[in-house]
1. Can you name the condition, by its number, that Ile399 falls short on among (1) of a type in the set (A, V, I, L, M); (2) farther than 30 Å from Glu47 by Cα; (3) surrounded by 13 or more Cβ atoms within 10 Å (Cβ to Cβ)?
2. Of all residues being charged (D, E, K, R) and more than 23 Å from Met310 (Cα to Cα) in segment 226-267, which is most open to solvent (accessible area, probe 1.4 Å)? Just the residue, please.
3. Among residues belonging to segment 268-284 that are of a type outside the set (D, E, K, R) and loosely packed, with under 15 Cβ neighbours inside 10 Å, point out the one that is farthest from Ala215 (Cα to Cα).
4. Which condition breaks for Ser328 when tested against (1) modelled with pLDDT of 90 or more; (2) assigned to a loop (DSSP other than H, G, I, E, B); (3) surrounded by 22 or more Cβ atoms within 10 Å (Cβ to Cβ)?
5. Tell me which residues, restricted to segment 7-24, are part of a loop (DSSP other than H, G, I, E, B), surrounded by 20 or more Cβ atoms within 10 Å (Cβ to Cβ) and out of contact with any Asp or Glu (no Cβ under 6 Å at 6 or more places or on another chain).
6. Which of the residues that make up segment 362-372 are at pLDDT 95 or above and either polar (S, T, N, Q) or over 29 Å from the mean Cα position of the chain (by Cα) (or both)?
7. Would you mind telling me which numbered condition in (1) open to solvent by 30 Å² or more (accessible area, probe 1.4 Å); (2) farther than 21 Å from Leu286 by Cβ Ile345 fails?
8. Pairs only if they're at least six apart or on different chains, beta carbon under 9 angstrom, first in segment 200-220 and buried (at least 16 other Cβ atoms within 10 Å of the Cβ), second in a helix (DSSP H, G or I) and among the β-branched types (Val, Ile, Thr); list them, first residue then second.
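The values are calculated or read from the model by the stated rules, or taken from the named source; none is laboratory data. Because the structure is a prediction, the values reported are computed rather than measured. Cβ placement follows ideal geometry from the backbone for every residue including glycine, while neighbour counts extend to all protein chains displayed. These area figures cover heavy atoms from the full protein model, side chains too; ligands, DNA and RNA do not enter into them. Shrake-Rupley method; radii C 1.70, N 1.55, O 1.52, S 1.80 Å.
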Amino acid sequence: MSIEIKAPAFPESVAEGTIATWHKRPGDAVKRDELIVDIETDKVVLEVVAPSAGQVSKVLKDDGDIVLSSEVIGEFTAGAVADAPAAAPASAAASEAAPADLKISPAARKMLEEHNLDSGAVSGTGKGGLITKEDVVAHVASATAAPAAPAPPAPVAAVIEPSASGRIEKRVPMSRLRLTIAKRLVEAQQTAAMLTTYNEVNMQHIMALRSRYKADFEKAHNGVRLGFMSFFVKAAVESLKRFPAVNASIDGTEMVYHGYQDIGVAVSSDKGLVVPVLRNAETMSLADIESNIAQYGEKARNGKLSIDEMTGGTFTISNGGVFGSLMSTPILNPPQTAILGMHKIQERPMAVNGEVQVLPMMYLALSYDHRMIDGREAVQFLVAIKDLLEDPARILLQI
């Protein structure tokens, strides 16, 4: 029985997607719910799985092709797996030389046949070692540029082209996610009256609290580790309650004040920066926050974040300190009106009651939309976060 392979139904906020990788080619046997193809949108990578046991019989949309919501992208034959179609002599020779489990995209297979190449000599950079068209292009270009040397593994999706001077350059197409990030960042700077205010926080008390209780915390909460981010989220929630304009957004000529705190936490992934949202963070415990952040981080690394998990958010926290950043200016995440930037904890000599003490200090940065938030509110909001972090008991007592 033939079944249409369709792209998933996209949400209203997603207009179209791009075929990222076909993991199965025509004739490949698949099991029920086994991954067939990845479709990249401007927010997440969506997976299409096999509806039942069978085989892929036809590919209608190749890697890189644009697809619409619920569009037919291929055909699938359910039931007993038929023998794979006979291949051309060049393709057969390449298949014999390649390992049995080697995966090759349709476009790459065609190019291998055109250049009469051995697929075993090409390094696959796609998911699960898949050989993509770009891998074959890079292999051909490298062999042309330096025939006596072995071709180095090509970067993911990189097209290497010799320039007029003979130097090697690589052109990497921007992914949909990267294009969307670029568009939103530029939009934020062009449409918002963005300013940044800075302060610094003494992390000594938080670090001592964490050091004292981290083992008991992990034991009591089934392996959940106590990090710094949960303290910042709790401090932000309490401060947002005191300064509702920082938790608001602008919609046209209206200011929307939110009676809840949905905190976006910026997470770095191989595909770019994503911001999953802790919904109703005001109701979460420290353990809940740490557990959710850990799950989001794992999903981001594996490309498993859903659109719902990254939609919305009333305030964002970004931690550049994990990469060693001492100070930076975070850019707003529209339509939010503020974003908090955390940075590296560094010991510095500080004057305390007339004496010099070496303390673990962190610079904080709050970027805000001056159309919505006055400078006084922004500064007081950041000072409130500083006070809560320097005396963690205030978070528990909400004072």
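1. Status for Ile399: all satisfied but (3).
2. Filtering segment 226-267 down to residues charged (D, E, K, R) leaves 234, 238, 241-242, 251, 254, 262.
In the following step, the residues that additionally are more than 23 Å from Met310 (Cα to Cα) were identified as 242, 254.
Numbers: Arg242: 100, Glu254: 115 Å².
Out of the qualifying residues, it is Glu254.
3. Kept after step one, since they are of a type outside the set (D, E, K, R), are these residues of segment 268-284: 268-269, 272-278, 280-281, 283-284.
Keeping just the survivors that are loosely packed, with under 15 Cβ neighbours inside 10 Å gives 280, 283.
Numbers: Asn280: 27, Thr283: 24 Å.
Here the answer is Asn280.
4. For Ser328, the exception is condition (3).
5. Just the residues of segment 7-24 that are part of a loop (DSSP other than H, G, I, E, B), to begin with: 7-15, 23-24.
Subset that is surrounded by 20 or more Cβ atoms within 10 Å (Cβ to Cβ): 7, 10, 23-24.
Result: Phe10, His23, Lys24.
6. Of everything in segment 362-372, just one residue is at pLDDT 95 or above and either polar (S, T, N, Q) or over 29 Å from the mean Cα position of the chain (by Cα) (or both), namely Ser367.
7. (2)
8. Val201/Ile385
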